[in-house]
1. Given only helices, namely DSSP H runs of n ≥ 4 each adding -39500 (n - 2.57), what is the per-residue ellipticity at 222 nm of the chain, to the nearest 500 deg cm²/dmol?
2. Work out the length of the dipole vector of the chain about its Cα centre, built from +1 on the beta-carbon of each Lys and Arg and -1 on the beta-carbon of each Asp and Glu, and round it to the nearest 20 debye.
3. Using θ = phi - 60° and the Karplus form 6.51 cos²θ - 1.76 cosθ + 1.60, what ³J(HN,Hα) does each residue of the stretch 46-58 get, whole Hz, x for Gly and Pro?
4. Would you tally the net charge around Ala16, using a Cβ to Cβ cut-off of less than 13 Å, leaving Ala16 out, and scoring K and R as +1, D and E as -1?
5. What nm value, rounded to one decimal, do you get for the distance between Arg21 and Arg33 when each label is placed 7 Å out toward the C-beta?
6. What angle do you read, to the nearest 10 degrees and between 0 and 90, between the alpha-carbon axis of helix 3-14 and the longest principal axis of the chain?
7. Once you have the Kirkwood Rh of the chain from its Cα pairs, apply Stokes-Einstein at 20 °C and 1.002 mPa s and quote D in µm²/s.
8. Going highest first, how would you order 16-22, 2-8, 27-33 by mean Cβ packing within 10 Å?
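Coordinate-derived values only; no laboratory data. Quick caveat, the model's predicted, so the values are computed rather than measured. Cβ sites come from the backbone with ideal geometry, for glycine too, and all protein chains shown count toward neighbours.
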Amino acid sequence: MTKETLRKAVETEKGAPRRNRAVSVRLSSAEHRLLFQAAKREGLPPSTLARVLVVAGLGELAGERERL
C-alpha cells in the first residue's frame, strides 16, 4: 500500500459516516501499540484507522488482480 493511497483513505474516512458492522482482528502487543500510536497521530480512533488500512489494502489487491 502506498503512502499516497493511505493518505487519501485517511482523509476520506474523516468525513465518512459511522459504520455498524464489526470485524474482530487479533493483534500482538507490538501491533496493537503501533495501531494506537498511528491512530493518535492521524487523529482517528484506532478502530477507524484499522478499517481504513484494511479497506485500502483490499482495494489495492483488487486493482492488482484486475491488471493480471
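1. -23500 deg cm²/dmol
2. For this selection, approximately 240 debye.
3. Per-residue couplings from phi come out as x, 5, 5, 5, 4, 5, 4, 4, 5, 5, 5, x, 5 Hz.
4. +3
5. 3.4 nm
6. Roughly 60 degrees, rounded to the nearest 10.
7. Here the translational diffusion coefficient equals 165 µm²/s.
8. 2-8, 27-33, 16-22
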